[in-house]
Amino acid sequence: MDTAALLIIEVLNGIASLALACAGLAIIFGMMRVINFAHGEFMMLGAYTTVVCTKTLGINIWISMLIISPIIVGIIGIIVERTFIRFFYGRMIDTLIATWGLSLLLIGIVTAIFGNIIEGVSAPMGSFEVGVYNVSQYRMVLIGIVILLFIGVFMVLTRTKLGLIARGTMQNPAQASVLGISTQRVYMVTFAVGAALTGLAGGLLAPISQVIPTAGAAYVAQTFITVITGGTGAVTGTLVASGVFGTVRQLLSYEFTPVLGGVGLLIVAVVMLRLLPQGITGKIFRRSL
Amino acid sequence: MFDITRRGLLKGTAGTAASLVAAGLAASPKAFADDDEIVIASIFDQSGGLDIYGTPMTQTCELAVEEINAAGGLLGKKIRLIKYDPQSNMELYAQYAQEAALKERVDLVHGAITSASREVIRPILRRFQTLLWYSVIYEGGVCDINNFVSGVTAVQWVKPMADYGFKTHGKRCYYIGADYNAPQIIGKWTEKFAGEQGAEVLTKDFFPLDVAEFGPAIAKIQEAKPDWLSTCLVGAAHTGFYRQWYAAGMLNEIPIVSVTFGVGNEHVQLSAEEGNGIVSAQPYFQELQLPANVDFVKRYQERFGDDAQYLNSVGIGGYLGTMLWSLGVKAAGSIEREDVIAALRSGDIAWDGPAGHMVVDPVTNHVIQDMHMAECQNQTWNIFESYSQLYPSDVIDRCDLTKDPDMNAHLEPII
């Protein structure tokens, strides 16, 4: 019984951390169709922001993770969008190469500043007991934060004028501009929001992972696979795909090894894309976001 | 995008070939060393994933050379050190070992960090008759007259920890390690030592070096309820384990006796509370209160200033190996490889350095040395037990270089 509870918490954890890592990409790639290969590096920047704020500047860890990391990475997102992403809209392959270069550049800059050494912060809060087992409280809070985050993104996109404008612009930029909307500005803001969410993910995951300049590489493949499998409805699709992949990965990792967990994730992704080439939301939940 | 024409291709190829030839010509006149110097090479990764180990090793190797030269050199000659950086890349190891042996004709290659990289360069240097010194703590088992090892072996290093764990914490141990040859072989040794104690290793789990998410692993360990946990985790990503273990509140629930904690300076990279109470055994700690060590740490910090790192049992290797080799050269009175090997294997090469008394053993080409058990508290190591002059007896049943000098193997434990 205790073991089952522990396992369920582990699975929820796996889903939450995958969905969190994907949230920003769901906006930038899922909605805007910008292949941002520097996604992992945006997370890395968010993590470094949290580390610097808490360790060097002595700021409260929650403020660092939840507020400062997204703001800093959001600002970096605006700069990146203005200086070169905007010249690549609609040119997928070119964007891929340009953002790959950006990712190498960011790794280089961070290595030059901090050195190729591990940084990190301890997780706030202690642990609690599930029967005879111990579970980190922080991981439970993380699950809650991810649920709130996705509800928030969903509400903004469906219930606000801002969300309506953003969705309209992504679907039909020409029509949107005819209606007097500055599409350039909408793209910029949307990209910044995506970057900020990615920075938030980096900050929140910093206490439970290692923080090094190359940390982003571990996230790129799995986040892209998840968002692609999610399909056109970026938010719902990403959530559903995270649910499937997170469950498969955690259960296989628990039963066998993390290697098989990773392999299992890929096999499920291949099978799902074969059966649902348009992604999950291309077939089911078609009217979702 | 890329217009490939026949003419363009020919031009390009000719240009490349010409520049290669030019580079070869430019390099060749420098092939032989001056007679008034002894040339040695260090091959330690100073960039890439392993730089946390290779950078201090190169520094301490450099310091050893500078100190020998300041004291008048070897056989009246100055030592010149060529520092190669293989960038954590196996192909570069092979390339630099060949370059050191054939082009620079060095008298010693001091190098390799992982066992995998050592097994890349060991056959090359044996073939080209260039002496190899390996100075990293490792799983043991190298049996090669051309290769001296000042790093400790499983019997010297892992056995004291296994004995301590089984005696202090209990008979049921859970082993986790990185997924490559050294941690796997150390896992086998741990099982062997468990058998000798009538204890058991419940499970051995291995993780690729890029795994950073240990949630399922921690759940699995909790479920197995071992008396203690033995860790042989390696590299930056695996540091996350200790962080997640602490976050899960496990640090005081299941004690950790770690083979590798600290050798990548994990104890200073993690916060104090994340590392408190973790026990490890190493042949060297910067905290060792030997006069020779206190003095050495001061010299090292003065020499490298802000670049000086916390010295651990891996980082010090560059110094220990180079100094022991220099004693062999002095005793031989010659720099010829056969003479140096014979002198090093005489059984008379003994030295009191920063890591205490060290004796080169002629049977195994390894080094008899001390071992210290320490507990991590507030990011420093408190040594609570020391073992004097442990003998590297790991594979002595199968490896005796005095009887069989042609032996050339990397042996594993028989369980």
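The values are calculated or read from the model by the stated rules, or taken from the named source; none is laboratory data. It should be emphasised that the depicted structure is a prediction, and the values quoted were computed from it without experimental measurement. Virtual Cβ from ideal backbone geometry, glycine too; neighbours counted across all protein chains shown. For the accessible areas, the whole protein counts, side chains as well, though only heavy atoms, and no ligand, DNA or RNA atoms are used. Shrake-Rupley method; radii C 1.70, N 1.55, O 1.52, S 1.80 Å.
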Problem - Long-range neighbours under 7 Å by Cβ, at least six apart or interchain, first residue at the interface with chain B (Cβ under 7 Å from one of its Cβ atoms) and in contact (Cβ under 8 Å) with a residue 60 or more places away in the chain within segment A:124-138, second part of a strand (DSSP E or B) and crowded, with 16+ Cβ neighbours inside 10 Å - result: A:Val135/A:Ser127; A:Ser136/A:Ser127
Practice task
Can you give me the number of residues within segment A:62-101 that are modelled with pLDDT of 90 or more and either closer than 29 Å to A:Leu142 by Cβ or not in a helix (DSSP H, G or I) (or both)?
Solution key: 21
Exercise for the section: Output the residues belonging to segment B:81-103 that are touching a helix residue (DSSP H, G or I) at 6+ places or on another chain (Cβ under 8 Å) and surrounded by fewer than 19 Cβ atoms within 10 Å (Cβ to Cβ). Expected result: B:Ile82, B:Lys83, B:Met90, B:Ala94, B:Gln98, B:Lys103
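Which one is most open to solvent (accessible area, probe 1.4 Å) among residues in segment A:218-241 that are more than 14 Å from every other protein chain (Cβ to nearest Cβ) and among the hydroxyl-bearing types (Ser, Thr, Tyr)?
Of segment A:218-241, the ones more than 14 Å from every other protein chain (Cβ to nearest Cβ) are A:224-241.
Now drop any that are not among the hydroxyl-bearing types (Ser, Thr, Tyr), which leaves A:226, A:229, A:232, A:236, A:238.
Working: A:Thr226: 1, A:Thr229: 1, A:Thr232: 96, A:Thr236: 31, A:Thr238: 1 Å².
Across segment A:218-241, the extreme among qualifying residues is A:Thr232.
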Practice task
Tell me, please, whether a residue that is out of contact with any Asp or Glu (no Cβ under 7 Å at 6 or more places or on another chain), assigned to a helix (DSSP H, G or I) and without any contact (Cβ under 8 Å) to a residue 60 or more places away in the chain can be found in segment B:343-356.
Solution key: yes
Exercise for the section: Return yes when A:Gly108 is more than 21 Å from A:Leu20 (Cα to Cα), at pLDDT below 80, open to solvent by 20 Å² or more (accessible area, probe 1.4 Å) and more than 8 Å from every other protein chain (Cβ to nearest Cβ) and no when it is not. Expected result: no
Practice task
Just need a number here: residues in segment B:363-395 that are within 20 Å of B:Val142 (Cβ to Cβ), of a type outside the set (Asp, Glu) and assigned to a loop (DSSP other than H, G, I, E, B).
Solution key: 8
Handout entry: Total residues in segment B:350-385, condition surrounded by fewer than 22 Cβ atoms within 10 Å (Cβ to Cβ), touching a Leu at 6+ places or on another chain (Cβ under 9 Å) and over 23 Å from B:Arg299 (Cα atoms)
Key = 3
Practice task
State all residues of segment A:256-284 that are in a helix (DSSP H, G or I), modelled with pLDDT under 85 and exposed (fewer than 14 other Cβ atoms within 10 Å of the Cβ); if no residue qualifies, say none.
Solution key: A:Lys283
Practice task
Would you mind stating whether B:Tyr175 is within 27 Å of the chain's Cα centre (by Cα) and either under 12 Å from A:Pro258 (Cβ atoms) or surrounded by fewer than 20 Cβ atoms within 10 Å (Cβ to Cβ) (or both)?
Solution key: no
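Within segment B:85-133, how many residues turn out to be β-branched (Val, Ile, Thr) and in a loop (DSSP other than H, G, I, E, B)? Don't jump to the end; show me each part of the working.
If we filter segment B:85-133 for residues that are β-branched (Val, Ile, Thr), which is where we start, we get B:106, B:109, B:113-114, B:120-121, B:124, B:130.
Restricting the remaining residues to those that are in a loop (DSSP other than H, G, I, E, B) gives B:106, B:113-114, B:130.
Adding up the residues that qualify gives 4.
Condition (residue is open to solvent by 40 Å² or more (accessible area, probe 1.4 Å) and either more than 26 Å from A:Val189 (Cβ to Cβ) or out of contact with any helix residue (DSSP H, G or I) (no Cβ under 6 Å at 6 or more places or on another chain) (or both)) applied to segment A:39-51: is it met by at least one residue? Write out each step before concluding.
Going through segment A:39-51, the residues open to solvent by 40 Å² or more (accessible area, probe 1.4 Å) turn out to be none.
The answer is no, given that none of the residues of segment A:39-51 is open to solvent by 40 Å² or more (accessible area, probe 1.4 Å) and either more than 26 Å from A:Val189 (Cβ to Cβ) or out of contact with any helix residue (DSSP H, G or I) (no Cβ under 6 Å at 6 or more places or on another chain) (or both).
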Practice task
Select from segment B:178-212 the residues that are within 16 Å of B:Thr231 (Cβ to Cβ), open to solvent by less than 50 Å² (accessible area, probe 1.4 Å) and of a type in the set (A, V, I, L, M, F, W, C) and list them in ascending order.
Solution key: B:Ala178, B:Ala182, B:Ile185, B:Ile186, B:Trp189, B:Phe193, B:Ala194, B:Val201, B:Phe206, B:Phe207, B:Val211, B:Ala212
Practice task
Return a yes/no flag: does segment B:224-240 have any residue that is facing chain A (nearest Cβ under 8 Å), in a helix (DSSP H, G or I) and over 20 Å from the mean Cα position of the chain (by Cα).
Solution key: yes
